[in-house]
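Asks: Following this message is one structure expressed as structure tokens.
Quick note: the coordinates plus some simple rules give every number you see, no bench work behind them. Just so you know, these numbers come straight off a predicted model, no measurement behind them. Note that each Cβ is placed from the backbone with ideal geometry, even for glycine, and that neighbours are counted across all protein chains shown.
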Amino acid sequence: MIDHPLPLLERSIAQRGPKTAMRFGDREISYTEYGRLAEVAMTRLWEAGVRRGDRVGLLFTNSPEFMVTDLALLRMGAVEVPINPMLADGDIAYLMAHSGATCLVTLEDLAQSRLPGIRSAEPRGNWRHVSFGDGLRADGPVEVPAGALDPSGPGDDAVIFYTGGTTGRPKGVVHTNASVGTNWLAHIIEGEIRREDVLQLSSPLSHSAGRFAAAAFIRGATVELGVKYSVDDLISGVLHRGVTWTFLVPTMIYQLLDAIDGTGEDLAGLQTIVYGASPITPARLRQALSTVRAGFIQLYGQTECPNWGTTLSKTDHRRALDEPELLTSCGASGTLCEVSIAAEDGGVAAPGDVGEVQLRSPYLMRGYLDNPEATSEALVDGWLRTGDLGLLDPNGYLHLKDRAKDMIISGGMNVYSSEVESVLQRFDGISQVAVIGVPHETWGEAVTAFVVVKPGDTVDLPALDAYARRELATYKRPKSIELVDALPLTAVGKPDKKALRAPYWTSADRQIT
């Protein structure tokens with residue numbers, strides 16, 4: 001267990017010195033400069049009144065300044081509140097108010113484009129803002145104000161993450177310095193991050209990517225930051241800039257597979273692809289294993305237990321070529337995390353029986369901010385009740401059946417939307433699928449599918465319906481299939497089922513939760 005992440009970062013800065021810590025466009029930042037830039041940020045934050053224990057919102061698109069501010073706040077003992085700039089103004093105003101943040105830090109372009117709307121959404125917001133212009137610079141040693149270096153203790157709060165909010169207002173998930181440091185160590189172990197790796201990260205640093213970047217820094221690796229995912233930039237990074245490691249969500253993997261399909265592009269330099277955030281279908285994963293030579297690692301976790309609840313390792317993926325049933329799993333317990341299945345009676349479910357997934361780890365959240373009732377419901381006897389439904393097979397591998405809120409009850413029968421999605425995904429020409437339940441007078445809920453077609457392909461709906469009739473039980477078959485240009489996504493890249501449900505449930509007697 002790690003008591004605090006700061007000594008790990010400071011050691012890397014001292015030992016790696018001139019090595020490149022971050023690349024961002026044409027800009028390269030050494031480990032030494034990374035440490036100095038954090039001193040510049042500390043000075044600016046101190047002048048703005050930030051002190052130990054204060055909560056500080058970070059509103060950045062992916063940039064070095066996000067990670068620099070992260071280090072600065074650790075040194076100052078302040079509490080970080082990462083905010084995804086893809087959120088609406090009202091949502092950002094809510095996070096600032098709910099977290100009790102006293103300061104919002106950003107770059108000048110976001111300050112000009114977003115601050116008026118955020119202020120307007122919550123005029124009573126009593127917080128300051130600090131803009132780092134178009135970026136921080138440090139030409140030499142920096143004199144940090146006396147008192148600014150004041151790190152908090154292992155059990156003190158380090159960060160407040162907010163849940164995705166797909167079922168309502170997001171909750172503030174509080175992690176301590178000890179849980180953050182231990183979780184970063186888990187990222188190195190489970191993500192197989194090597195000192196010689198160059199990680200390309202383009203998903204939001206305010207979410208999972210920020211933890212991978214921090215883990216890379218304590219490992220002494222190099223991080224290449226992208227503002228948003230570009231399959232062409234990933235390919236170019238592998239071929240020309242030495243990128244060896246990346247973190248993707250399944251939609252990004254699908255784009256990569258479609259881009260290199262039939263081109264003969266050799267991405268041998270790409271050693272590791274970690275993926276998560278939503279399930280990948282077995283059919284697409286088999287395609288990836290036969291097309292891309294990188295080792296694949298699947299993660300499963302939650303904001304309350306970041307990223308590494310279970311791991312499907314590179315070895316597991318290689319075994320899956322001969323044991324395809326492994327591809328229906330999201331892996332076994334991680335090195336620093338235990339998994340269990342809770343039966344309906346509160347006991348432990350037998351292998352093969354579906355129940356609620358529970359996780360236990362030194363990097364569980366401390367609790368939900370100002371919400372003791374939700375905390376006591378989620379944390380029971382040291383275990384996190386995830387709300388996910390799954391089973392453990394005889395070998396201890398976790399097979400997720402669904403998020404409890406995504407289970408559809410049609411005609412009194414439980415339908416796992418992920419199972420229907422997996423079947424439809426195997427139909428030729430389909431790129432992505434999302435399945436929800438919509439109100440139905442007879443069945444209670446009707447299974448409804450939204451389908452995105454691969455570029456250049458077509459999908460015959462009667463043929464797809466006939467295929468579903470062959471492959472799915474009667475009560476699991478979609479009553480309706482809709483072709484759409486794209487699926488709505490949450491701010492962290494997951495299919496936004498709340499948005500898909502909204503038109504159907506707005507006037508219903510109850511809402512799906």
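Asks: Please order Val492, Val173 by the number of other Cβ within 10 Å, starting at the fewest.
Replies: Val492, Val173
Asks: Taking the Cα centre of the chain as origin, work out the dipole magnitude from +1 charges on Lys and Arg Cβ and -1 charges on Asp and Glu Cβ, in debye rounded to 20.
Replies: 360
Asks: Would you work out which of Thr222, Leu256, Val238 lies farthest towards the positive end of the dipole of the chain? Charges go on Cβ: Lys and Arg +1, Asp and Glu -1.
Replies: The residue sitting farthest along the positive end of the dipole is Thr222.
Asks: Once the Cβ-Cβ distance between Arg194 and His440 is put in as r, and R0 is 41 Å, what FRET efficiency do you end up with, to the nearest 0.05?
Replies: It comes out at approximately 0.20.
Asks: Once you put a point 7 Å from the Cα of Tyr467 and another 7 Å from the Cα of Glu10, both along the Cβ direction, what distance in nm separates them?
Replies: 5.8
Asks: What's the percent breakdown of Cα-Cα distances in segment 229-403 across 10 Å bins, shortest bin first?
Replies: In order of increasing distance, the bins hold 9, 35, 30, 18, 7, 1 percent.
Asks: After finding the eigenvalues of the alpha carbon gyration tensor for segment 369-460, what semi-axes result from the square roots of 5 times each, listed largest first in whole Å?
Replies: Largest first, segment 369-460 gives 31, 19, 14 Å.
Asks: If you stretched the chain out fully between Arg128 and Leu483, how much longer would it get, using 0.36 nm times the residue separation minus the C-alpha to C-alpha distance?
Replies: Length gained between Arg128 and Leu483: 123.2 nm.
Asks: Could you pull out the pairs from Lys171/Lys497; Lys171/Lys228; Lys476/Lys498; Lys171/Lys494 whose alpha carbons sit more than 23 Å apart here?
Replies: Long pairs (Cα-Cα over 23 Å): Lys171/Lys228.
Asks: Quick one: Thr375, Thr182, Thr311, fewest Cβ neighbours within 10 Å first, how do they rank?
Replies: Thr375, Thr182, Thr311
Asks: Translational diffusion coefficient of segment 411-505 at 10 °C, 1.306 mPa s, Stokes-Einstein with Kirkwood Rh over Cα pairs, in µm²/s as a whole number.
Replies: Once the numbers are plugged in, D ends up at 116 µm²/s.
Asks: Ok, one more. Assuming R0 = 41 Å, what is the FRET efficiency of Glu373 and Asp393, from their Cβ-Cβ distance, to the nearest 0.05?
Replies: FRET efficiency, Glu373 to Asp393: 0.75.
Asks: Further question on the same structure: Would you mind telling me the antiparallel percentage of the DSSP bridges in the chain, rounded to 5?
Replies: 60
Asks: Also: Based on alpha-carbon positions alone, could you give the equivalent ellipsoid semi-axes of segment 92-166 from the gyration tensor, as √(5λ), descending, whole Å?
Replies: 25, 20, 12
Asks: If you line up the long axis of helix 177-191 against the longest principal axis of the chain, both from Cα atoms, how many degrees apart are they, to the nearest 10?
Replies: So the helix axis and the longest Cα principal axis differ by about 60 degrees.
Asks: I've got another one for you. Within segment 347-371, which residues have the backbone N less than 12 Å from the label spot 7 Å out from Arg385 along Cα→beta-carbon, could you tell me?
Replies: From segment 347-371, the list is 347, 356-358.
Asks: Of the options Leu461, Ser418, Ser480, report the single residue whose Cα projects farthest towards the positive end of the charge dipole of segment 411-505 (beta-carbon charges: Lys, Arg +1; Asp, Glu -1).
Replies: Positive-end residue among those listed: Ser418.
Asks: What is the gain in length, in nm to one decimal, between Asp109 and Asp457 on full extension, counting 0.36 nm per residue of separation less the C-alpha to C-alpha distance?
Replies: Gain on extension, Asp109 to Asp457, equals 121.3 nm.
Asks: With the cut-off at 12 Å, report for segment 286-344 the share of all Cα pairs above it, as a whole percent.
Replies: 69
Asks: Sticking with this structure for a sec: Quick one: what Rg and Dmax do you get for the chain from the alpha carbons, in Å?
Replies: For the chain, the Cα-based Rg and Dmax read 23.0, 72 Å.
Asks: In debye, nearest 20, what is the charge dipole magnitude of segment 6-176 about its Cα centre with +1 on Lys and Arg Cβ and -1 on Asp and Glu Cβ, if you could check?
Replies: With only Lys, Arg, Asp and Glu charged at Cβ, the dipole is about 300 debye.
Asks: Using packing as a proxy for protection, rank 109-120, 59-70 so that the peptide with the highest average count of other Cβ atoms within 10 Å comes first.
Replies: Listed from highest to lowest mean packing, they are 59-70, 109-120.
Asks: Let me ask another. How big is the charge dipole of segment 229-403 about its Cα centre, in debye rounded to the nearest 20, if each Lys and Arg gets +1 on its Cβ and each Asp and Glu gets -1 on its Cβ?
Replies: So the dipole magnitude of segment 229-403 works out to roughly 560 debye.
Asks: Taking the alpha carbon gyration tensor of segment 103-144, what are the square roots of 5 times its eigenvalues, largest first, to the nearest whole Å?
Replies: Semi-axis lengths for segment 103-144 are 27, 13, 4 Å.
Asks: While we're looking at this one, here's another question. Which Cα, out of Ser99, Gly49, Leu9, lies furthest along the positive dipole direction of segment 6-176 (beta carbon charges, K/R +1, D/E -1)?
Replies: Of the listed residues, the answer is Ser99.
Asks: Just tell me which aspartates and glutamates come within less than 17 Å, Cα to Cα, of Lys454; anything on the same chain fewer than 8 places away is out.
Replies: Straight-distance partners of Lys454: Asp258, Asp261, Glu421, Asp428, Glu482, Asp485.
Asks: May I pose another question? Would you compute, from DSSP H runs of 4+ residues alone, the mean residue ellipticity of the chain at 222 nm, taking -39500 (n - 2.57) per run and dividing by the full residue count, rounded to the nearest 500?
Replies: -10000 deg cm²/dmol
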